[in-house]
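What follows is one structure encoded as structure tokens, with my remarks underneath.
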Amino acid sequence: MKRLIVALTGASGVIYGIRALEILRAVKDIESHVILSPAAARTIAEETDRDIESVKKLANVIYNHKDIGAAISSGSFKTEGMLVAPCSVKTLSGIANCFDEGLVVRAADVCLKERRRVVLIFRETPLHAGHIRLMEQATLNGAIVMPPVPGFYSKPKSVDDLVTQSVGRALDLLGIDAGVVKRWKDDAPRKTRLPRTR
């Protein structure tokens, strides 16, 4: 069983993290290790019709955001890497500056020092120079900054299609082909059936 860390932080776009957890539930050999920040919990309430407990149930393992002694805070705990979806400016800043105050940034820092992939779905626009500097520093540290900019060649018919395509591409960067990405010049059907986004 492969392990993937998934963190949901307080940026708008919490549906990206929820969709990632739904997709991972359908992938048989991936175990999700999840951190929900308090701001993510607030955003779930504001942006979706889900409650926090239903989101937690999508995780295989859930951690307290303050538990810097958790398994995922050590490089000796093997994972495939980490997805931060969505990634807030505060979280980006922590990762860029190695400011390991809480478990989200600590887990990301551990993945980076172990040369594991860390993908940040940074959901902020427009950008000022400080944001751009933070993205540069996070990239220099080894993270992959992936704003969820949609590709319209997939001919999306709904917001759900846009979200699923973006999350599938982020999972691609972590070496996980969940069968949900519509690929350029590839008409193969999706392998994974997912619930519609609510």
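Read through the list (1) in contact with a strand residue (DSSP E or B) (Cβ under 7 Å, 6 or more places away or on another chain); (2) surrounded by fewer than 17 Cβ atoms within 10 Å (Cβ to Cβ), then give the number of the only condition that residue 140 fails.
Of everything listed in (1) in contact with a strand residue (DSSP E or B) (Cβ under 7 Å, 6 or more places away or on another chain); (2) surrounded by fewer than 17 Cβ atoms within 10 Å (Cβ to Cβ), residue 140 misses just condition (1).
Scan region 114-132 residue by residue and report those that are surrounded by 13 or more Cβ atoms within 10 Å (Cβ to Cβ) and either among the basic types (Lys, Arg) or modelled with pLDDT under 95 (or both).
Answer for region 114-132, where residues must be surrounded by 13 or more Cβ atoms within 10 Å (Cβ to Cβ) and either among the basic types (Lys, Arg) or modelled with pLDDT under 95 (or both): 116, 117, 123, 124.
Which condition number does residue 76 fail, the rest of (1) closer than 26 Å to residue 142 by Cβ; (2) exposed (fewer than 15 other Cβ atoms within 10 Å of the Cβ); (3) in contact with a Ser or Thr (Cβ under 8 Å, 6 or more places away or on another chain) being met?
(3)
Has region 175-198 got any residue that is at pLDDT 95 or above, assigned to a strand (DSSP E or B) and not basic (Lys, Arg)?
Within region 175-198 (the criterion being at pLDDT 95 or above, assigned to a strand (DSSP E or B) and not basic (Lys, Arg)), the answer is no, since none of the residues qualifies.
Given the residues 72, 144, 95, 132, which is the only one that is closer than 17 Å to residue 10 by Cα and either of a type outside the set (S, T, N, Q) or over 16 Å from the mean Cα position of the chain (by Cα) (or both)?
Of the residues listed, the single one that is closer than 17 Å to residue 10 by Cα and either of a type outside the set (S, T, N, Q) or over 16 Å from the mean Cα position of the chain (by Cα) (or both) is 95.
Identify all residues within region 55-66 that are surrounded by 13 or more Cβ atoms within 10 Å (Cβ to Cβ) and either among the hydrophobic types (A, V, I, L, M, F, W, C) or without any contact (Cβ under 8 Å) to a residue 12 or more places away in the chain (or both); write none if there are none.
Of everything in region 55-66, those that are surrounded by 13 or more Cβ atoms within 10 Å (Cβ to Cβ) and either among the hydrophobic types (A, V, I, L, M, F, W, C) or without any contact (Cβ under 8 Å) to a residue 12 or more places away in the chain (or both) turn out to be 55, 58, 59, 61, 62.
Among the residues of region 41-62, is any assigned to a loop (DSSP other than H, G, I, E, B), within 20 Å of residue 23 (Cβ to Cβ), of a type in the set (Ser, Thr, Tyr) and touching a helix residue (DSSP H, G or I) at 6+ places or on another chain (Cβ under 7 Å)?
Yes: region 41-62 contains one or more residues that are assigned to a loop (DSSP other than H, G, I, E, B), within 20 Å of residue 23 (Cβ to Cβ), of a type in the set (Ser, Thr, Tyr) and touching a helix residue (DSSP H, G or I) at 6+ places or on another chain (Cβ under 7 Å).
Can you work out which of the residues in region 18-53 that are under 14 Å from the mean Cα position of the chain (by Cα) and small (Gly, Ala, Ser) is surrounded by the fewest Cβ atoms within 10 Å (Cβ to Cβ)?
32
Looking at region 143-160, which of the residues that are touching a Ser or Thr at 6+ places or on another chain (Cβ under 7 Å) and not in a loop (DSSP other than H, G, I, E, B) is surrounded by the most Cβ atoms within 10 Å (Cβ to Cβ)?
Checking each candidate, the answer is 145.
Between residues in region 95-114 that are over 16 Å from residue 71 (Cβ atoms) and in contact (Cβ under 8 Å) with a residue 12 or more places away in the chain and residues that are surrounded by fewer than 22 Cβ atoms within 10 Å (Cβ to Cβ) and polar (S, T, N, Q), which pairs lie under 6 Å by C-beta distance while being six or more apart or on different chains?
If the second residue must be surrounded by fewer than 22 Cβ atoms within 10 Å (Cβ to Cβ) and polar (S, T, N, Q), the pairs left are 96/137; 112/141.
Does region 3-17 contain any residue that is more than 23 Å from residue 139 (Cα to Cα), outside any loop (DSSP other than H, G, I, E, B), out of contact with any Pro (no Cβ under 7 Å at 6 or more places or on another chain) and among the aliphatic types (A, V, I, L, M)?
Within region 3-17, one or more residues are more than 23 Å from residue 139 (Cα to Cα), outside any loop (DSSP other than H, G, I, E, B), out of contact with any Pro (no Cβ under 7 Å at 6 or more places or on another chain) and among the aliphatic types (A, V, I, L, M).
All but one of (1) at pLDDT 95 or above; (2) under 18 Å from the mean Cα position of the chain (by Cα) hold for residue 150; which doesn't?
Here residue 150 clears every test but (1).
Quick check, is residue 78 out of contact with any Gly (no Cβ under 8 Å at 6 or more places or on another chain), part of a loop (DSSP other than H, G, I, E, B), over 16 Å from residue 145 (Cα atoms) and not polar (S, T, N, Q)?
Here the answer is yes, as residue 78 does meet what is asked.
The values are calculated or read from the model by the stated rules, or taken from the named source; none is laboratory data. Since the structure is predicted, the reported quantities are computational estimates derived from the model, not experimental observations. Every residue, glycine among them, receives a Cβ derived from its backbone with ideal geometry; neighbour counts consider all protein chains shown.
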